[in-house]
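As structure tokens, the structure follows; a few thoughts come after it.
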Amino acid sequence: MATLTIDKRSGTLYHIQWYENKQRRSISLGGSKYSRKTAETVKEIVETLLWYRHNIQIVPEKTVANWLQTAPAELLAKLAKVGLIAVHEKKTCQHLWEAFLNKKKDAKWKTLRGYLNCQTQFYETFSPTEAIETITPDRLLEWKAAMLTKLAEASTATYLKVTRTILNFAVDQKWLPDNPMRRIPIGSFVNRDKDRIISRGDYVKLLDACPNQEWRTIIALARIGGLRCPSELKQLRWTDINWEQNRFLVHSPKTEHHTNHRERIVPLFPELREELDRHFLADASIGNTFVIQDLQGTEWNLGIPFQKIAHNAGLGTIVRPFDNMRMSRSNEVWERFGPAKENLWIGHSEATRRKHYKGELSDEAFAEAAGVMLNEQHQARAKTHAIR
């Protein structure tokens, strides 16, 4: 047990004393900044820490842990001096970000770029040198309000989600007792202002405005095949296309970390097959491994050349063109074939797939989607591809 005494002459100097291993130890709390209530609280903390030591308990209860997280550095130093705690360096916002990014160093570049963009926004409100304990719910709400004045709600929600993940990391590291974003609403990730349906008529205009067959194939794979561009488009090989069975294999880097969602099989829809046929039989594609060969080894900057095609087609600027082509195809497949096949062919999360679909698709479903039956004429055409 510890005792609390006060210096009678000053009336403001408190002493917390106890015996340990037959030696008297003490902590002095002097000056007007320490009230009697504070001194009594420190006395209770000292007794609790002594009990932990006696019972070989390493992790303190939440109340004590929270107090140690928010206690002034001077008090922590006094407790450390008498060996009741080990003082660790206060973690700053910079420490937090560096530790988190180091943990995620093997993430895909697009993901890392998102983290770095969030860090830039974060540092506009929170200084890199300030302690992470200053990241309070009130300040986070102020940061959210500031971002909403200059960014779309979807962008703001994305940055808040990343920040919540980083603060969860701080909690896991025992740097924070609780996540200050736990009760802060993130908002919507959907930005409908940039949605635009690319109709079948628009699709035909885009094809007519393409400079070559490779670009016709790119647009067909995005608008009719529903591929994510460029991530799924760049990995598509000619060996992934099963001409005879009216389907092709899509490798999906975005969902590969989900169980059984590394790849999916998509029908060779008639309009898509038409463009792939032309591309496959063109002299320029002979000996190529990838369907889109010319862009291999580049940064796949599809936006600028696509906008030129869109303007030549008389469609003006199309914001997020590949997302909107994929969305337009998703709507069509959902309406014609139903939610189960749309989830499988367009590529959704496993949770969505389980919710809407049971079992596997039949060969007839792929034949129906491809618009052909496996008749003699089609089989002969497939053999031609096999020979080549």
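What follows is calculated from the coordinates using simple rules that are stated; it is not laboratory data. Note that the coordinates shown come from a computational prediction; the quantities given were computed from them, not determined experimentally. FYI the Cβ positions are ideal-geometry reconstructions off the backbone, even for glycines, and counts take in every protein chain you see.
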Discussion item. On a 29 Å Cα-Cα criterion, which of the cross-link pairs K8/K81; K33/K91; K62/K110; K91/K161; K33/K62; K62/K105 come out too long?
Written reply: K62/K110; K62/K105
Worksheet item: For K90, which aspartates and glutamates qualify as cross-link partners when the Cα separation must be under 13 Å and same-chain residues fewer than eight apart are set aside?
Response: E74, E130, E133
Fill in: In order through region 128-143: 3J(HN,Hα) via Karplus (6.51 cos²θ - 1.76 cosθ + 1.60), integer Hz, x for Gly, Pro
x, 8, 7, 5, 5, 5, 7, 7, 9, x, 5, 5, 5, 5, 5, 5
Discussion item. Taking 8 Å as the Cα distance limit and 6 or more residues as the minimum spacing, I'd like the relative contact order of region 93-193 as a percentage.
Written reply: 31
Practice prompt. In whole Å, largest first, what are the principal axis extents of the Cα atoms in region 143-289?
Written response: 63, 33, 23
Worksheet item: What order do you get for 286-297, 166-177 when each peptide is scored by the mean count of other beta carbon atoms within 10 Å, highest first?
Response: 166-177, 286-297
Worksheet entry | Calculated P(r) tail over 22 Å for region 3-81, as whole % of Cα pairs | 24
Practice prompt. Calculate one ³J(HN,Hα) per residue across region 284-292 by plugging θ = phi - 60° into the Karplus curve 6.51 cos²θ - 1.76 cosθ + 1.60, and present them in order as whole Hz with x for glycine and proline.
Written response: 5, 9, 4, x, 6, 7, 9, 4, 9
Item to complete: May I ask for the Rg/Rh ratio of region 93-193, computed from Cα atoms with Rh as the Kirkwood radius, given to two decimals?
Response: 0.94
Worksheet item: Taking θ as phi - 60°, what are the ³J(HN,Hα) couplings along region 208-213 by the Karplus curve (6.51, -1.76, 1.60), each to the nearest whole Hz, with x for Gly and Pro?
Response: 5, 8, 5, x, 7, 5
Discussion item. More than 12 angstrom separation, counting every C-alpha pair in region 67-111; what % is that?
Written reply: 70
Response to the item:
Under 5 Å from the placed amide H of R247, counting only residues 5+ away or on other chains, we find N242, L268
